[in-house]
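Shown next, in structure tokens, is the structure this report addresses.
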Amino acid sequence: MSASLSIEEKLDAVLKGNHDISVSIQELKSSNKQLKAQNEYLRKELGTFLKLKQKINKEPTRFDAREEAEASNPMSSSSEDEPPGRTRMKPRFQANSNDFRVEIPEFEGKLDPDEFLGWMHIVERVFAYEDNLDDKKVKLVVLRLRKYASLWWTNLCAKRLSCRENKIRTWEKMKAKLKSQFLPPSYV
């Protein structure tokens, strides 16, 4: 056997390499076609999801639905149609004069006094804006507690129940409990 290849052998090697490249290109085209099909499917699914999300966001709240039903019902009475002496009941929920929603931020219960005080300040500002009843304030704050803060509150309520103590129903009492838990005693 000679160390150098003949021209025919070199040509065969080049053709075999070209064939391998051709097969590789075909595999890439097939793979690309599959990826395009997957991309199109995901694009359609995303479109469906976004439409559903928009529909959910546009659905009226229970209060809005009641208002719309009253407005569309010609038999519903307005304050002008009612006989004297009868007052119309006001709905439980009344929108603020600015008609926008203010939310209490979540609190996870990290032992960072500055974060806690910042959160507490925001909660106080929200309550000053919304004029909520005191027991409603407690419920609203409980809904925004997360992670450790939520576990701590659940534990506190369970301990009070087992010791036959009253539930914490006022914001001032809850605020004192939160401060005693999430602020160090030496914090000024």
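Quick notes
- Scan the range 132-154 for residues that are more than 21 Å from Glu108 (Cα to Cα) and either outside any helix (DSSP H, G or I) or modelled with pLDDT of 90 or more (or both) and the total you get is 2.
- Selection count where residues are over 18 Å from Phe107 (Cβ atoms) and β-branched (Val, Ile, Thr), scope the range 155-176: 1
- Residue satisfying condition, being at pLDDT 75 or above and among the hydroxyl-bearing types (Ser, Thr, Tyr), within set Ser2, Ser72, Ser24: Ser24
- Of the residues screened, Phe93 is not one that is modelled with pLDDT under 85, in contact with a helix residue (DSSP H, G or I) (Cβ under 8 Å, 6 or more places away or on another chain) and in a helix (DSSP H, G or I).
- Pairs, first under 20 Å from Lys137 (Cα atoms) in the range 160-173, second of a type outside the set (A, V, I, L, M) and at pLDDT below 90, C-beta under 6 Å, six or more apart: Arg169/Asp135; Thr170/Asp134; Trp171/Asp134; Trp171/Lys137
- Selection from the range 155-174 of residues that are surrounded by 12 or more Cβ atoms within 10 Å (Cβ to Cβ), in contact with a Lys or Arg (Cβ under 9 Å, 6 or more places away or on another chain) and not in a loop (DSSP other than H, G, I, E, B): Leu156, Cys157, Arg160, Trp171, Met174
- Within the range 118-131, tally of residues that are farther than 14 Å from Glu106 by Cα and within 22 Å of the chain's Cα centre (by Cα): 3
- Members of the range 111-131 found to be modelled with pLDDT under 85 and part of a loop (DSSP other than H, G, I, E, B), listed by number: Leu111, Asp131
- Reported count of residues in the range 140-165, each being closer than 18 Å to Glu115 by Cα and under 19 Å from the mean Cα position of the chain (by Cα), is 9.
The values are calculated or read from the model by the stated rules, or taken from the named source; none is laboratory data. What you see is a predicted model; the values in this text were computed from it and never measured. Heads up, the Cβs are rebuilt from the backbone with ideal geometry, glycines too, and the neighbour counts pull from every protein chain shown.
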